[in-house]
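The block underneath contains the structure these notes are about, expressed in C-alpha cells.
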Amino acid sequence: MHEQRVTANGIEINVAITGQGPAFLLLHGFPHTWRLWTAVVPHLARRHRVIAPDLRGLGATSRTEDGYDAGTLAADAEALLDALAEPAATVVGIDAGAPPALLLAMRRPERVRRLVLMESLLGGLPGAEEFRPPWWFGFHSVPGLPETVLTGHEAEYIGWFLDAGTRGRGVPPAIRNHFTEAYTGTEALRSAFGHYRAMPESAAQIATAAATGRLTVPTVAIGAQPVGNALAQQLRPVTDELTTHLIEDCGHIIPLDRPEALLPLLTTD
C-alpha cells in the first residue's frame, strides 16, 4: 500500500493505492481516514486495484472553505478515477462516504460497476422515518461551536466514537492514534464538521436525483448498529437491483469491527 497526492477537481487528494485488477474505490466517513479500510484492503488487493482516498477536508486531503456536499464529493471521486485512469470501479461508501457514492452511481452509472453502501442515511428519502439522527448531528452543524469546544479534547472525543462504533471493543492503538491526529486542531475539526453543515444541501441533491431517475447499478446495502435496515428501506423504492445484509453484533464502524463478516459481502452479492 502506498500513499500519494493526486490533483483532482481542484484539490489535492491523499489516496492509498495497492493491487491490480478491477478497481475498488473506498469512501470512508467520520471520524475516519482511508485507514478505516486497513483490515479489508489486503484481501481485496489480491484481485483488485484498491483506491482508498481521504475525503475532502479529512486526513491529508485539502481542507477547503466549502465543497463538503455530497454532489461535490461525488465529483471529487469521479475526478480521482479520471486522474488514475480508471474508467469504472466498484464503489463502497460508509457513513459520510455513502451519499457521494450514491450520487456518483446515479449521475454517472457507467463509472460504477457495483455500489456498496453501509451504515448511513440518504437525506430525507422515505423509509427511515423511525430513525432519529443522533445528538452529534445537531452539535456538529452549529458553525464555530464544536471546534471551539473540542479543541484540546480531540483524543477523548474521537475515542468515544471509536468505542461506540465498535460496541466497546475498540480499534487497534495505531489506528486510534492516527484518527486522533487526523482530527486534532481547530482547522481539522472545522473541515470535518463542514460535512455535517452541508447535509441540507446533500439531502436536496439526493432528493432531486431520486425524483428524476433511478439507481440502475447493482447495489448492496449493509446495516449494523445503529442504522440497521433503515438504509435498505430508503434504497428499495429507487433501486433496480438491491441486495441487503444486516451484520449481527456489529457496531457502526463495520470495516474495523467485523471485517471478517464484511469481506464476503464486498466481493459477492
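Results, tabulated for the structure shown:
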{"item": "C-alpha center-to-center spacing [segment 226-244, segment 1-41] in angstrom", "result": "25"}
{"item": "Gaussian network model of the chain, springs between alpha carbon atoms under 10 Å - residue of TRP160, TRP34, TRP136 with greatest fluctuation", "result": "TRP136"}
{"item": "Long-range tail of P(r) for segment 1-96 (Cα pairs > 24 Å, %)", "result": "11"}
{"item": "Computed label-point distance, nm, for sites ALA60 and PHE137 using a 7 Å Cα→Cβ extension", "result": "3.3"}
{"item": "Within the chain, percent of DSSP bridges classed antiparallel, to nearest 5", "result": "30"}
{"item": "Choice from LEU26, LEU121, LEU150 with maximal GNM fluctuation in the chain (Cα, 10 Å cutoff)", "result": "LEU150"}
{"item": "Label assignment, volume of the Cα convex hull per residue in Å³ derived from the structure, set [x] 157; [y] 111; [z] 215", "result": "[y]"}
{"item": "Net dipole in debye of the chain [+1 Lys, Arg Cβ; -1 Asp, Glu Cβ; about Cα centre; nearest 20]", "result": "500"}
{"item": "Between segment 187-208 and segment 52-112, the Cα center-to-center distance that results, in Å", "result": "14"}
{"item": "Base-10 log of normalised Debye intensity for segment 159-243 (one unit scatterer per alpha-carbon) at q = 0.11, 0.13, 0.14, 0.25 Å⁻¹", "result": "-0.50, -0.68, -0.77, -1.13"}
{"item": "Mean projected area (nm²) of the alpha-carbon convex hull when segment 100-231 is viewed from all directions", "result": "9.1"}
{"item": "Efficiency of FRET between LEU263 and ALA83 - r from beta-carbon atoms, R0 30 angstrom, step 0.05", "result": "0.65"}
{"item": "Point-to-point label distance, THR216-THR243, nm (Cα→Cβ direction, 7 Å offset)", "result": "2.1"}
{"item": "Selected from PRO143, PRO172, PRO100 as most flexible by GNM, with the chain as the system and alpha-carbon contacts under 10 Å", "result": "PRO172"}
{"item": "Amide proton proximity set for VAL116, modelled H, under 5 Å, gap of 5+", "result": "VAL91, VAL92, GLY93, VAL220"}
{"item": "Once the Cα gyration tensor of segment 2-47 is diagonalised, semi-axes √(5λ) in Å", "result": "19, 15, 9"}
{"item": "For segment 141-269: accessible area per residue (Å², 1.4 Å)", "result": "44"}
{"item": "FRET efficiency, 1/(1 + (r/R0)^6) with R0 30 Å, evaluated for ARG108 and GLN20 via beta carbons", "result": "0.80"}
{"item": "Qualifying trypsin sites (Lys or Arg not before Pro) for segment 9-56 [loop in DSSP, other Cβ within 10 Å: at most 14]", "result": "ARG46, ARG47"}
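The values are calculated or read from the model by the stated rules, or taken from the named source; none is laboratory data. Note that the coordinates shown come from a computational prediction; the quantities given were computed from them, not determined experimentally. Reconstructed Cβ throughout: ideal geometry from the backbone, glycine too, with neighbour counts over all protein chains shown. These accessible areas exclude ligands, DNA and RNA; they are computed on the full protein's heavy atoms, side chains included. Shrake-Rupley method; radii C 1.70, N 1.55, O 1.52, S 1.80 Å.
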